[in-house]
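S.K.: Sharing a structure here in C-alpha cells format.
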Amino acid sequence: MTKKIIASLIAIILLISMVFTKTNTLAATEEETTTEEETASEEKPVLDSLGFEGEPIKLSLQEAIEITLQNNPSIEQAELDLEQAEIDLDKGKGNARELKAFLNNPDRNLTVGEATRKEYGDDYELPDEALDYVEEDTPVRLAPGIGDDIPDDDLTAEHQLNQVRTSNELLWELAQRKYVRTIIEQKRTVEETYFNVLHAKRAVEIYQENYVVSCELYEMMVKKKELGHVSEQKVKETEIELIKAKDAFTKAQNNFIFAKMGLNILLGNNVMRAVELTDELSYNSMYNVDIENAIKESLLNRVDILEVELYYAMALVDFDYAQRKYTKSTNIYKEAEVNLHKAEKALIATQKKVEMDVRQKYLDVLQKQSEMNTAIKSESYMQSLFDNVYFSYDLGMAILTDVQKAQIGLKAEKLTKAQAILDYNLAILEFEESLGYKIEE
C-alpha cells in the first residue's frame, strides 16, 4: 500500500511540474539525443496561412456558387445552345405554319393545266416547251421544278406537320432541361469542392490535435526518463511516434492546400489567393423523402427520360403515317413498326433504369446517414476513453502503450466521422441530382 501511495505522489508531482513549466527546452541525458529533443519540444503545430496570399476572402457556400456561375464557360456554351434551340423552334413553327396553310389551301390538288388557267385565264394554253416536261393533267405538287418543296399528297403533308409539331415541343423542352442541368452541375461542382475544402481543413485539425498529444507524451516520457522511471528505448519509441504524427500533420496540410487551390481555380482567383470559408460541413441526422413521389418527379424531369420519349413520340408519328399509307407487307410499314417496338422497349427500359437509380441513391443516403450517426457515437466514446486513459497515465496507473492505443483509436474515429459527414452530404447531392431538372416557369 505504501508503495502505491508513493507512486501516486510522484505521478502527481510530475503532472504539476508539467502544467507550470513554460519552457519547451528538454534536458537530454545523452548528448546524441539533445538536439532532437529540443527541436521536437520547440516545434509548435500551427495552422497558419500555409503560403496563401492577401487578406482572406470570407466566402459562404452560396457566395461561392454565385461567383462560379458568373462568366462560366460551360454555362455560356449552354446559353448559346439554348439560343440555337430557340432559333430551331422558330424555324419549326414556320414550317408548321406552311404545312398547315398548304393543307388548308383549296388549290393544293389542282393539275398544272388547271393552275395555269386559273392564274392566266381559261383560254391560256401551256406552251410546247412546257409540255415537253410536264403534262396538263399532272398534279402541281408532282410537277418537276414546281412542286419540289410541296408534299406529294395530303397524308404526307399531315405526317410532316405532326413530325414538326412533335419535335418542336420535345426538342425545346429538352434544350431547356439541358440548360438547367448545366447550371445545376456547376453548382454541384462548387458544393463538392467547397465540402472537400472543409473536410480537408477538419483533417488538418484532427492531425494537429494528434500531433499536440504526441508532443505532450514525448515531453512526459523525457521527464520520466530524467527521473529514472523509463528507459531510453521508451523515449526513442515515443520520439518515433512523434515524427510519424508530424509527417501525418504535414501531409494533411498539403492536402488542405491542394483543396483550396482547386477552389480558387474554380472561383477564378489566383491559385494561392487566401480564402476563408464561413460555412460548416453540417448535417441533418434525419433525412426523410417520400421515395414514390421522388420517382414520379424523376420520370418527369430527367433528361434521359425526355430523350427516349422524343424517340418514342417520333416513332409513333412515323408508324401512324406508315399504317395509313402503306400495306403491312411493305418494307416501309415493317420498318416503322420495328422502330416503334424498339422505341417502346427503350422507354420502358429507361424508366426502370431511372427508378432503380433513384432508389439506389436514396438507399445510399440512408446508408451514409446511418454510418455518420454511428461514427458520431464512436468518436464520443473514444474521446471519453482517451481522456480516462490519459488521466490514468498521468497518475501512473496506465502505461504508455495504453495511451498510444487510445490516441490512435481516437484519431481514427475523428477521421471516420469527418469522412462520414462528407460522404453523407455528397450522397444527398447525388440523390437530389438523380431527380432531374425542373424548368422554371
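S.K.: From the mean inverse distance of alpha carbon pairs (Kirkwood) and the Cα radius of gyration, derive Rg over Rh for the range 259-396. Kindly include the intermediate steps, with their values, before the conclusion.
M.R.: Working: Rg = 28.2 Å, Rh = 21.3 Å.
Rg divided by Rh gives 1.33.
S.K.: I've got another one for you. Treat each spin label as a single point 7 Å out from the Cα along the C-beta direction, and report the SER384 to VAL338 distance in nm.
M.R.: So the label points at SER384 and VAL338 sit 7.1 nm apart.
S.K.: Can you list the residues, at least 5 places off or on another chain, whose amide H is less than 5 Å from the amide H of VAL275, using H built in the peptide plane?
M.R.: Those lying under 5 Å, H to H, from VAL275 are ILE57.
S.K.: Just to be sure I understand: if I project the alpha-carbon convex hull of the range 161-262 onto a plane and average over all orientations, what area do I get in nm²?
M.R.: Details: hull surface 35.9 nm².
Value for the range 161-262: 9.0 nm².
S.K.: In terms of Cα to Cα distance under 25 Å, which lysines are near enough to LYS438, apart from those fewer than 8 places away along the same chain?
M.R.: LYS93, LYS178, LYS187, LYS296, LYS352, LYS353, LYS361
S.K.: I would also like to ask the following. Set Lys and Arg Cβ to +1 and Asp and Glu Cβ to -1, take the dipole of the range 329-397 about its Cα centre, and tell me which of ALA349, LEU395, THR374 lies farthest positive.
M.R.: Farthest along the dipole direction, towards plus: ALA349.
S.K.: Once you charge only the Cβ atoms, +1 for Lys and Arg and -1 for Asp and Glu, what is the size of the charge dipole of the range 165-210 about its Cα centre, to the nearest 20 debye?
M.R.: Numbers: 8 positive and 7 negative charges, 49 e Å.
Computed about the Cα centre, the dipole is about 240 debye.
S.K.: Can you run phi through the Karplus equation (6.51, -1.76, 1.60; θ = phi - 60°) for the range 341-350 and list ³J(HN,Hα) in whole Hz, with x for Gly and Pro?
M.R.: 4, 5, 5, 5, 5, 5, 5, 4, 5, 5
S.K.: Rounded, prolate or oblate: which one fits the range 321-441, using the alpha carbon gyration tensor with axes a ≥ b ≥ c (rounded when a/c is under 1.5, else prolate when a/b beats b/c, else oblate)? Could the numbers behind the result be given before it?
M.R.: Details: a/c = 7.99, a/b = 4.72, b/c = 1.69.
Prolate shape, in that a/c is at least 1.5 and a/b is the bigger ratio.
S.K.: How high is the relative contact order of the range 308-441? Use alpha-carbon pairs under 8 Å, at least six apart in sequence, and give a whole percent. List each step's numbers first, then the result.
M.R.: Working: 83 pairs, mean separation 35.0, N = 134.
Normalised by residue count, the contact order of the range 308-441 is 26 percent.
S.K.: Can you sort PHE195, PHE391 by how many other beta carbons sit within 10 Å, fewest first?
M.R.: Going from sparsest to densest Cβ surroundings: PHE391, PHE195.
S.K.: Within the range 416-441, what residues put their amide N at less than 18 Å from the label point 7 Å along the Cα-to-Cβ vector of ARG359?
M.R.: Zone members listed by number: 431-432, 434-436.
S.K.: Under a plain spin-label model, where a point goes 7 Å from the Cα along Cα-to-Cβ, how far apart in nm are PHE258 and THR156?
M.R.: Rounded to a tenth, the inter-label distance reads 6.4 nm.
Only the coordinates and a few stated rules stand behind these numbers; no lab work does. Quick caveat, the model's predicted, so the values are computed rather than measured. Cβ atoms come from the backbone with ideal geometry, glycine included; neighbour counts cover every protein chain shown.
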